[in-house]
Amino acid sequence: MTVTPSADVVVLDIEGTTSEAGFILGDLYDFARPRLEEALGRESLRAARADAIAETGLPADATDTEVADALRALMATDVKSTPLKTIQGVIWAEGFAAGEITSQFFDDVPPRLRSWADQGLRIAVYSSGSVASQQPWFRHAPQGDLSTLVEAWFDTVNAGGKKDASSYATIAEALGVAPARALFLTDHPEEVAAARAAGWQTVALDRAGEPWAGAAFEGPVVHTFDEIELGR
């Protein structure tokens, strides 16, 4: 089924939408786990460390190892924790820069993004992963640097939770676009509902093998970006 939305800006989720959730929960999580203690000792991450302690209910004098163990427990159940995502983002950005890790995109995604950019459509990203991890994820794509196609980056720090309609209002305002002219692509039914409640257009990605495959979605549903003929 082909859908033909008309929008001024398309906003992308990452996990399960542009990229395999299993790659993120596997390779990237495996890279971050043993590096948490060292990261938690950095002065630049003191605020994220304090937030992690508060979120996990640890005592204020918890050791780096205790905090790291609590964060690894969150990772085991894929809890979308903002301090965890902040710390992971720093670790991953360094891994990307050093060539120790790479990103992954579904084959249908890069050609569509380049085509939309060539049409003059604006592209942004909104993910629970921190902006610090989003940018190298797109920059180090196996299909070439995709970060140059993206004009704005949003996460749960600068926009808010992805299941909250107010977050989409914040993003629309930041982009200077009317909600009705913004299109969100995501694989999560609750994110679809939140975006639509804020007046956005949505197209849900129902990709085989992904966590939300076969879910009940509001609005249009496709299986790949090839089924989206986006116009203005």
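Things to note:
- Matching residues, segment 118-140, being assigned to a loop (DSSP other than H, G, I, E, B) and either over 23 Å from Val192 (Cα atoms) or not hydroxyl-bearing (Ser, Thr, Tyr) (or both): Gln119, Gly120, Leu121, Gly129, His140
- So Val177, is it within 17 Å of the chain's Cα centre (by Cα) and β-branched (Val, Ile, Thr): no
- Test: residue in segment 27-50 that is in a loop (DSSP other than H, G, I, E, B) and closer than 22 Å to Gln135 by Cα: yes
Residues are listed down the side, and each one gets a yes or a no for (1) in contact (Cβ under 8 Å) with a residue 12 or more places away in the chain; (2) hydrophobic (A, V, I, L, M, F, W, C); (3) more than 18 Å from Ala48 (Cα to Cα); (4) not assigned by TED's automatic domain parsing to the domain that holds Gly57:
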position	(1), (2), (3), (4)
Ser81	yes, no, no, no
Ala93	yes, yes, no, no
Ile123	yes, yes, yes, yes
Gln134	yes, no, no, yes
Trp137	yes, yes, yes, yes
Tyr168	yes, no, yes, yes
Gly176	no, no, yes, yes
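- Neighbours by Cβ (under 7 Å, 6+ apart or cross-chain): first from segment 1-24, farther than 22 Å from Gly160 by Cβ; second aliphatic (A, V, I, L, M): Met1/Val222; Val3/Val203; Val3/Val222; Val3/Ile228; Pro5/Leu183; Pro5/Val203; Pro5/Leu230
The values are calculated or read from the model by the stated rules, or taken from the named source; none is laboratory data. Small disclaimer: the values here were computed from a predicted structure and weren't measured. Cβ sites come from the backbone with ideal geometry, for glycine too, and all protein chains shown count toward neighbours.
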